[in-house]
Amino acid sequence: MITLVYSCHHETNNSTRKYRDTLVVEKSLLLRLDSTQGLFNNNLNQFEYKGKTFFTFFNQLTGNLHYYDADSGKSFKVVSFQSEGPDGIGNRKDLIAHLPIGMDSVFIYNGWELRAFLFNGRGEKLRTYNFGESDLFRSNGPFNIAITNDNRLYRHGKNIYINAQGLPDTNFGNKPVLLEFNLATENLTGLIFPPQSYATHCWGINYSTNTFSCYAEKRKEFIISYGIEPHIYTYSQDGQLNKKLTLGSEYFNNIKPYSSNLSDYMDMSTYEERSNISQMNPKYYKILYFPNAKEEYFIRETFLPRSKEEIQSGASHLRKTFIIADRHLQKIGEYKVPKQYTTSVFFTSKEGIYIADFEHYMENEGVIKFDLLIPQRVSEAKQQ
């Protein structure tokens, strides 16, 4: 069992009691890969079906979609997608993201082609959506649709939600950060736009301004984590700002912009300088929601400040934390993530977050061990 301990105070029965909030490894899950899969060449997602959770790996080398039972870790289904022809998804697959829609269909987006597809459970194409020709792309572009395991496609009702990022320029603040795609009407719209800080300052390069979101079902709100903001923002289902709440890290101060001139994004003579600043600065990362745990809570990931040497040493050596927030989005703790974990290779469960153990994978290639980390609160008196 791994236990990370930090102190914080909570008000209970009109008196202050001191608690130690901990993250503990509840259990581990082993997922076996085939010979073409690796730790970093899969686009990951998950879905619920008949009360059970399933994990999916889209192999960006082969175009195969692997289905795993979340309880046993066993692979039970593989769907192979064609690269070309009427059922093709494109020859370049490294910018492909997917979203299972139940057991019988899957939504796929190819960032190279700016097109999305709806397939049935046999890999047969049902619909094609040309995002690049949409009114949204023509009027608000250019912007990137996020294709990372930390920025996954997700669904609420008939709508698919897609995190986006405007390409930095003088119009950066007017480009949407969350897109809404209606499967029924095939309408793609910009639902949420960035805060004023995006419209008035240059933050280096777009690495600093990544945007992450989740939908909080019980609150009926979207929660946005902006890369440069110690605050999180809550929005209504129609994209209206509800609240701006502080949920910052105790390990670094507020992030400073590169300048107050958006035109600096376009100055290629300063690109290396801006890139170094962005990569060495801390940043806020993904936001996750756990509505069905014993106590509803959120996790917000951060990257701690880095030196040039740390950046050059590779992603596995980056120092990260998880900020823990209660159902009111009030901070109740912050935990340094152990170095062996690759936080971008993760799934969620009712209780907590499954994170891949990089060190285990390096010693057992072909098997990913996921540790389930769950929050645990223990009073200091019980520890003594």
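We did not get these values from a lab; they are worked out from the coordinates using the rules stated. Nothing here was measured: the structure is a model prediction, and the numbers come from that model. Cβ: placed from backbone, ideal geometry, glycine included. Neighbour counts: every protein chain shown.
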Quiz prompt | Difference of contour (0.36 nm per residue) and Cα-Cα distance, LYS308 to ASP169 | solution = 47.4 nm
Exercise. Would you kindly derive the ³J(HN,Hα) couplings of the stretch 88-95 from the backbone phi angles with the Karplus curve 6.51 cos²θ - 1.76 cosθ + 1.60 (θ = phi - 60°), listing them in order in whole Hz, with x for Gly and Pro?
Key: x, 10, x, 6, 8, 10, 6, 10
Practice problem: Starting from the Cα-Cα distance between LEU241 and GLU272, subtract it from 0.36 nm times their residue separation and give me the gain in nm to one decimal. | Solution: 7.7 nm
Self-check item: Built amide H within the under 5 Å cut-off of TYR341, gap 5+
Solution: PHE358
Quiz item: Looking at the stretch 251-352, which GluC sites (Glu not before Pro) are in a loop (DSSP not H, G, I, E or B) and have at most 14 other Cβ atoms within 10 Å?
Solution: GLU295
Practice problem: Hey, could you grab the Kirkwood Rh for the stretch 147-329? Inverse mean 1/r over distinct alpha carbon pairs, Å, one decimal. | Solution: 17.2 Å
Quiz item: Can you list the residues, at least 5 places off or on another chain, whose amide H is less than 5 Å from the amide H of GLU113, using H built in the peptide plane?
Solution: none
Quiz prompt | Spin-label model distance (nm) - ASP87 vs MET280, 7 Å beyond Cα toward Cβ | solution = 5.2 nm
Quiz prompt | FRET efficiency, LYS52 to ALA293 (Cβ-Cβ, R0 22 Å, nearest 0.05) | solution = 0.80
Quiz item: For the stretch 56-99, which chymotrypsin sites (Phe, Trp or Tyr not before Pro) are in a loop by DSSP, counting at most 12 other Cβ atoms within 10 Å?
Solution: none
Practice problem: Starting from the amide H of ASN242, placed 1.01 Å from N in the peptide plane, find each other amide H under 5 Å away whose residue is 5 or more places distant or on another chain. | Solution: THR234, TYR235, SER236
Quiz item: Across the stretch 347-352, in residue order, what do the Karplus-derived ³J(HN,Hα) couplings come to in whole Hz, using 6.51 cos²θ - 1.76 cosθ + 1.60 with θ = phi - 60° and x for Gly and Pro?
Solution: 9, 10, 10, 4, 8, x
Self-check item: Helix-derived mean residue ellipticity, 222 nm - over the chain, DSSP H n ≥ 4, -39500 (n - 2.57), to 500
Solution: -2000 deg cm²/dmol
Quiz item: Given R₀ = 25 Å, FRET efficiency for LEU126-ASP34 by Cβ-Cβ distance, to 0.05?
Solution: 0.40
Exercise. Return the inverse of the average 1/r over all pairs of distinct C-alpha atoms in the stretch 48-88, which is the Kirkwood hydrodynamic radius, in Å to one decimal.
Key: 11.3 Å
Quiz item: Here are several values of volume of the Cα convex hull per residue in Å³: [x] 155; [y] 165; [z] 212. Which one was derived from the coordinates shown?
Solution: [x]
Quiz item: What list of ³J(HN,Hα) couplings, whole Hz, do you get for the stretch 115-121 from phi and the Karplus terms 6.51, -1.76, 1.60, once you set θ to phi - 60° and write x for glycine and proline?
Solution: 10, 10, 9, 10, 10, 8, x
Practice problem: For each pair in LYS175/LYS331; LYS27/LYS220; LYS294/LYS331; LYS27/LYS125; LYS218/LYS256, compute the distance between the two Cα atoms and list the pairs where it is over 27 Å. | Solution: LYS175/LYS331; LYS27/LYS220; LYS27/LYS125; LYS218/LYS256
